[in-house]
There are 2 protein chains.
Amino acid sequence: MRLTRAAEYAIRCVIYLSRQGQSVLTSRQEIAEQADIPAHFLAKIAQDLAKAGLIEIRQGARGGFLLSKNPADVTLLEVVETMIGEISLNDCVARPSGCKISPCCSVHRVWLDARDQLRDSLRRVSFDQLIADASCFPSYPKALLETEGLETPLSARNDLQ
Amino acid sequence: MRLTRAAEYAIRCVIYLSRQGQSVLTSRQEIAEQADIPAHFLAKIAQDLAKAGLIEIRQGARGGFLLSKNPADVTLLEVVETMIGEISLNDCVARPSGCKISPCCSVHRVWLDARDQLRDSLRRVSFDQLIADASCFPSYPKALLETEGLETPLSARNDLQ
DNA sequence: AATATATGAGACCTTATTGATCCTATTTAC
DNA sequence: GTAAATAGGATCAATAAGGTCTCATATATT
């Protein structure tokens, strides 16, 4: 019952672009490096974000991505659901007509309420709020941090299983 | 971001046993047939439920399962987390130490709150509440319904994909 | 005690999803 | 025109989910 990697990457990408500011063109490579996203994977993710109207993609030399909205007008829910489709904690909720038991049994209702609650929580969060917290990305480019020998949150990267 | 089939089956199983009443022994076969759960799969699910102390398993001839608690004392959260482990909507929340970005960035906090909210919702629902609603299972055994030619919610079973 | 009945425990298989990569085409700055 | 950059789709590997099977074990019944 977890968010997919693609959705997590999408959030990071939009955070990065929000930091850059609306309509500031940023290359895919820069985003991939700074937000620690596989570059090719980011290409695919960006296509979904573009289709949803969240970002704009500029092709060609000196191309890249840019945020097409004001960060204050982009919610966490929009980004998440762009990547994974409408949230629906269980199958029953996703297709009530296909529910083996009943389209409106007591369990169904619990999941429906929980889903609505979760979606509301995510809808209440916009990207201007998210970038207000400085801890999500290093303020300096990664390379710079390393030459300065500073401790960066990204250094925990190799601790994974 | 969906509940697994195993967890859905577990919920149905516990609902069925709750209907039977605490400490009423019911054969695996009966539960499997009535709640529409693959019998062998139910065996595996029951082992998890038993390890968690939710049900008791009786081996041997005339064996089966029985609910070891009062339905009022079993929450939906318990059953769900027995099957899928502690809920944690995203990786970041599951292992903050392994988070690439930071153990307490703004996104992390949103997911943490959403998770707590979801767990609270599921914790508030007990199985005596769930069985109060008659629509979750047919009141009659499936076979009986068919011979009587009545419409049963289970008849929608073949409408899937 | 023997037998039939029922579940235990885990190995195993199949399929779907996820995560990621690669390659050719297309677009654009210079 | 050339180089730089993304588009779009094919492909592949890893993981998880869903389900099945088999042999072992336990118990009621006779």
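Values quoted throughout were computed directly from the atomic coordinates according to the rules given, and no laboratory measurement underlies them. The structure presented is a predicted model; accordingly, all values stated were derived computationally and were not measured. With ideal geometry, Cβ positions are generated from the backbone for all residues, glycine too; neighbour counts draw on all protein chains shown.
Structure above, values below:
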quantity: Cleavage-rule hits, GluC sites (Glu not before Pro), the stretch B:41-90, DSSP coil, Cβ neighbours within 10 Å at most 13; calculated: B:GLU86
quantity: Summed side-chain charge close to A:ALA72 - residues other than A:ALA72 whose Cβ falls under 13 Å, Lys, Arg +1, Asp, Glu -1; calculated: -1
quantity: Radius, Kirkwood style, for the stretch B:1-126 when every pair of distinct Cα atoms is counted (Å); calculated: 15.8 Å
quantity: Loop sites in the stretch A:25-81: trypsin sites (Lys or Arg not before Pro), DSSP, at most 11 other Cβ within 10 Å; calculated: A:ARG62
quantity: Formal net charge of residues neighbouring B:SER27 (Cβ-Cβ distance under 11 Å; K, R +1; D, E -1); calculated: +1
quantity: Around A:ASP133: net Lys/Arg minus Asp/Glu count, Cβ-Cβ under 15 Å; calculated: +1
